[in-house]
Structures are given as structure tokens and as C-alpha cells.
Amino acid sequence: MDRDDFLRGYLNNFQRRHVNEREFVRDYLESMNPDDPDIFLPDNPKEYIPIRNKAFDQTLGKGFAESYDKYKVLGSGSFGTTFQDPDDPTKVFKAQRLEMKDDIKRAEKEVDTQIKAAEMGRAPNVHAVETFPARKDFEYSDQRFTTPIIHVTEMDKVDTLKSQGYAAEPGGVLDKFVKNKIIDADDDAPIYKLDVPQAQVMRNETRKMHLERSKSELDLADKGIIHSDLKDYAGNDREEHITYNPNTNQMKFVDYGVAKVHDHAGDMHEHTKNLNIKSEELKNFDASSRAEHFLDHKASAIIDGMNAVGNREEANIFKGIFNEYMGNEDLLAADDLVNQGREIINKHDFKDSELKLQKGQKTGYTYGQLSNPTANQVVTDIQADKFPQFNNPNLYKSETNPFPAPPYSNKEEERPLTDEERKDVQDLLRKLKE
């Protein structure tokens, strides 16, 4: 059986019916013994494989079992199945059975989007695309359907976070990397030895991965691409769609089947026109909605990037201003803010994610484990002697709270700095660094 016939059989009987191998074999045994309520399906390969091969060859044609072992299934999703290329271990191919006109257009768009992303180094390279007829089950009267085809995309093979044991799990990609990394918590003064320095290295490497995630999503957004399948319905990362190399800090995304491609400049132009149109019937609300969705996505990536270098205070300020603009439906101001934030993330280096540890003069807190110290924390504790005008005599160390949190002391009446005071502090800090 050649590859094309194998794919016709596999996609029609596994992908399309949403059954796995053992379910298929069980269905076969039940069809052979309809009166036997207790079908036994052995677990050990020596007994199971011959039964499986018989079910395959008798149901799907002689040679299917051999082809099934030849073309290893690597993963299956809503729109297709990915197989290992038996002739090249560095390549895989994704096969889809398509019979609706919209699905054929979606598959073509998926390839175009992945090629654009690959040109930026954010997706596996596409090497070939081919289509051939699929088996036609019956004539469709619905105009949405057309002659079914098999759509095959050959691309580079990548190791996803899921295949590497997930990102932050024990034994996962970051855990393995940190265990092989030289750990030295005293390399930059003033650095203070931590009880578990490995934990800080893990936090730093995790922040680097999050910074690269931010840069990657913003790179795609620069081309109008939003990968819409990087999180599940519960908000957790879909690590089968993400690949990351901590040695190079390079991240790529796979499976662009539901990616959206925006003409943001065009949508913003339409939104601006909407502001000048009085008749509601003439306004292009879809353009404004798309522009708002696009800005939300970029702002989220920018906030994640700011947090990835420890700038939690700046991230919260950015988020507050962005939400205020969006709440007032001022998309022009939000767009300008997002463009500024994008430039900030673009300038961040991965070294910025290795936070500097600093000890408070009064409290003894070690700042910088979770995030960079805020302006309040710097002037009232870390460098209190240099900023007597902000000195807070009420600061003291809490044995129950190892990490300082707002309002940055143990006194409830302690207030944070005003915007004007924060600006004065930031100007002073800038001078100290020069």
C-alpha cells in the first residue's frame, strides 16, 4: 500500500471518526463477534499486535498495517494528523481530509500564515504542499461541500514543550537545563546567598522563556498574525503548540490552523472613519472590533514581557493606562501606547531577566527574587540613606512575609508614592546609574 492510499484509509477511519487505535481494533472484534458481550483485548504487544494487524488489513486493505508502522503518528488535532517522514527524521507531514470549501480555504491560509511565520523564525519551515483526491462517500446536495481531497503539508520537525516533558515540570526542558547550569549566586555585588539558589536560577530561566514568548507573539503581530491556539479554554498553555530552546532562547509556534491574520492599519483607518460618521448604519463596527481585539492581544504580550524582566510595577502602570484608554474607547491613544510598549520589549535583552538581588538596609529583605524592587522599595529601604526625603522610619522586617508586597511595609497606613513623587525618584535613580 502506498502513502496516498494509507492516508485515505487512516484519515477516513481514524481522524474523521475520532477513534484511536485500540478503539478501532475493539470495534473490529465486536463486529466479528456480535453475540459476545466480553471482548478481550490483550495489552502485551506479543498478543495484541497480530490482532491489530489482522483488523487493519482485513478492514482497510492488505498492507495497511505495514504502512501504519512505517508512517508513525506524532499527534492529532481538530483539523489533521501529523506523521513522521520515514525517509527523513528531520521532517514531518501534516495530512487533512477536507470536503468543505471553507476548510480547503482554511488549509491554504494556514500554509500561507506558517510560511510568513517561518520567515521570521517563529514556525517550522514548510518544504512542500500537495493535494490528491480522497474517497468520496456520497454526493453532497449542500453547496458548502465539494469533492473531498487529502491536503498534505511537509515541514521541519520540532520538539514541542510537551514532547520535552513540558516547560516547568520536574524533568522538563527548563529543569534539565538548570541542573546542567553552573549556579553562582555571588557573581554581582550586592548579591546575597539564597537558601535555594537553584530556585532563583529556575525563576530566571522561566522569565527568559516568558520574555521570548512575548517577543515571539509581538513579532508575529508585526505581520498581523495572532496565533489563537496557544492556550486552552482554561487559560493554560497548549505546550504541544510551543517549542523552546533554553540554550538559544528561541521559541517557535506550530499549528496555525486557527491563526488570525489582521490588517491592523486598515482596521484602525476604518475605526478613525467611524469616529467621524454620524449614521450608525454606515459605521464599520467589525473593523473597530478587530482593532480592539488586536490591541488587546499585543498589550497582553507587552505586559507579559515587562513582567518577564521583573518590571512588575511598570507592567501594572502600563496595564492601568491601557485599560483606561480602552474603557474610554480611545483606540488611537491605546494604539500609540501599544507601539511604545512594543519598542520597550524589543529593547529588552535576556540578561534583563536575570534579576539583581539587593538587600534592604532596614528590613534585610532580599529584593529581586520575584521582581525588581519598586520605586518605593528602593528609596525607603534599599537605598534609604540616599533618599532621606522619602525615608520611612516605620519599616521593619516581617518574619512571616519573606517577600515585600504593597504597601511595601508592615504598616497599613503606609501610602505608595504619588505619580509626581515616582517621577522624581526615577529621575534620581537615573542619575545614580550614570
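For the stretch 99-111, the set of residues classified as assigned to a helix (DSSP H, G or I), over 17 Å from ILE242 (Cα atoms) and either in contact with a strand residue (DSSP E or B) (Cβ under 6 Å, 6 or more places away or on another chain) or open to solvent by less than 30 Å² (accessible area, probe 1.4 Å) (or both) consists of LYS101, ILE104, ALA107, VAL111, listed by residue number.
Criterion first (buried (at least 16 other Cβ atoms within 10 Å of the Cβ), assigned to a strand (DSSP E or B) and in contact with a Lys or Arg (Cβ under 8 Å, 6 or more places away or on another chain)) does PHE83 satisfy it? Yes: the conditions hold for PHE83.
From the residues in the stretch 351-375 that are part of a loop (DSSP other than H, G, I, E, B) and among the hydrophobic types (A, V, I, L, M, F, W, C), which one is farthest from the chain's Cα centre (by Cα)? Talk me through it step by step, then tell me what you get.
Keep residues of the stretch 351-375 that are part of a loop (DSSP other than H, G, I, E, B), which gives 354-357, 360-365, 368-374.
Add one more test, that the residue is among the hydrophobic types (A, V, I, L, M, F, W, C), and what stays is 355, 357, 370.
Details: LEU355: 23, LEU357: 29, LEU370: 21 Å.
Within the stretch 351-375, the match that is farthest from the chain's Cα centre (by Cα) is LEU357.
Any residue that is open to solvent by less than 30 Å² (accessible area, probe 1.4 Å) and over 26 Å from GLU154 (Cβ atoms) - is there at least one of those in the stretch 50-70?
Filtering the stretch 50-70 for residues open to solvent by less than 30 Å² (accessible area, probe 1.4 Å) gives 52, 55-56, 60-61, 63-65, 67.
Narrowing the set further to residues that are over 26 Å from GLU154 (Cβ atoms) leaves 52, 55.
Yes, there is a match, as at least one residue in the stretch 50-70 is open to solvent by less than 30 Å² (accessible area, probe 1.4 Å) and over 26 Å from GLU154 (Cβ atoms).
In the stretch 225-240, the condition of being within 20 Å of the chain's Cα centre (by Cα), of a type in the set (D, E, K, R), modelled with pLDDT of 95 or more and under 30 Å from SER288 (Cα atoms) is met by no residue. LYS208 passes every criterion in (1) open to solvent by 10 Å² or more (accessible area, probe 1.4 Å); (2) farther than 19 Å from ASP175 by Cα apart from (2).
Listed by first and then second residue, the pairs with beta-carbon distance under 6 Å, at least 6 apart or on different chains, first residue in the stretch 264-283 and under 24 Å from VAL338 (Cβ atoms) and in contact (Cβ under 8 Å) with a residue 24 or more places away in the chain, second of a type outside the set (Gly, Ala, Ser) and not in a helix (DSSP H, G or I), form an empty list. Here is a list of conditions, (1) loosely packed, with under 14 Cβ neighbours inside 10 Å; (2) without any contact (Cβ under 8 Å) to a residue 24 or more places away in the chain, and ASN247 meets all of them except one; can you say which number that is? The one condition ASN247 does not meet is (2).
For first residues located in the stretch 112-136 and at negative phi and open to solvent by less than 20 Å² (accessible area, probe 1.4 Å), partners that are in a loop (DSSP other than H, G, I, E, B) and hydroxyl-bearing (Ser, Thr, Tyr) and lie 6+ apart or on another chain with Cβ distances below 7 Å form the pairs THR113/TYR256; GLN114/TYR256; ALA117/TYR256; ALA123/TYR256.
When only residues in the stretch 279-308 that are closer than 24 Å to PRO373 by Cβ and in contact with a Phe, Trp or Tyr (Cβ under 8 Å, 6 or more places away or on another chain) count, which is surrounded by the fewest Cβ atoms within 10 Å (Cβ to Cβ)?
Of the stretch 279-308, the ones closer than 24 Å to PRO373 by Cβ are 302-308.
With the extra rule that they be in contact with a Phe, Trp or Tyr (Cβ under 8 Å, 6 or more places away or on another chain), the set shrinks to 302-303, 306.
Numbers: ILE302: 27, ILE303: 21, MET306: 25.
Among those residues, the one meeting the criterion is ILE303.
Restricting to the stretch 30-49, name every residue that is loosely packed, with under 10 Cβ neighbours inside 10 Å and among the charged types (D, E, K, R). Explain how you work it out, then say what you get.
Within the stretch 30-49, the first condition is being loosely packed, with under 10 Cβ neighbours inside 10 Å, and the residues that meet it are 34-35, 37-38, 40, 43-46.
If the condition is that a residue be loosely packed, with under 10 Cβ neighbours inside 10 Å and among the charged types (D, E, K, R), then ASP35, ASP38, ASP43, LYS46 are the ones that fit.
Can you list residue pairs whose Cβ atoms sit under 7 Å apart, with the first residue in the stretch 310-324 being at pLDDT below 95 and of a type in the set (Lys, Arg) and the second being in a loop (DSSP other than H, G, I, E, B) and open to solvent by less than 80 Å² (accessible area, probe 1.4 Å)? Count only pairs 6 or more apart in sequence or on different chains. Cβ pairs passing all conditions: ARG312/SER371.
Among the residues of the stretch 254-277, the one identified as under 14 Å from LEU332 (Cα atoms) and among the basic types (Lys, Arg) is LYS273. On inspection, ASN311 fails the criterion of being among the polar types (S, T, N, Q) and surrounded by fewer than 18 Cβ atoms within 10 Å (Cβ to Cβ).
In the stretch 184-197, of all residues being over 16 Å from SER353 (Cβ atoms) and open to solvent by 30 Å² or more (accessible area, probe 1.4 Å), the one that is modelled with the highest pLDDT corresponds to VAL196.
Filtering the stretch 101-132 to residues that are more than 13 Å from MET155 (Cβ to Cβ) and aliphatic (A, V, I, L, M) leaves ILE104, ALA107, MET120. Residues that are assigned to a loop (DSSP other than H, G, I, E, B) and either under 41 Å from the mean Cα position of the chain (by Cα) or at pLDDT 95 or above (or both) within the stretch 19-51 comprise VAL19, ASN20, LEU41, PRO42, ASP43, ASN44, listed in sequence order.
For the condition assigned to a helix (DSSP H, G or I) and either closer than 30 Å to ASP175 by Cα or touching an Asp or Glu at 6+ places or on another chain (Cβ under 7 Å) (or both), what is the one hit in LYS252, LYS298? Explain how you work it out, then say what you get.
Details: LYS252 fails: assigned to a helix (DSSP H, G or I).
It is LYS298.
The values are calculated or read from the model by the stated rules, or taken from the named source; none is laboratory data. Computed from a predicted model, the values in this text were never measured in an experiment. Heads up, the Cβs are rebuilt from the backbone with ideal geometry, glycines too, and the neighbour counts pull from every protein chain shown. To get the accessible areas, we keep the full protein, side chains included, count just its heavy atoms, and leave off ligands, DNA and RNA. Shrake-Rupley method; radii C 1.70, N 1.55, O 1.52, S 1.80 Å.
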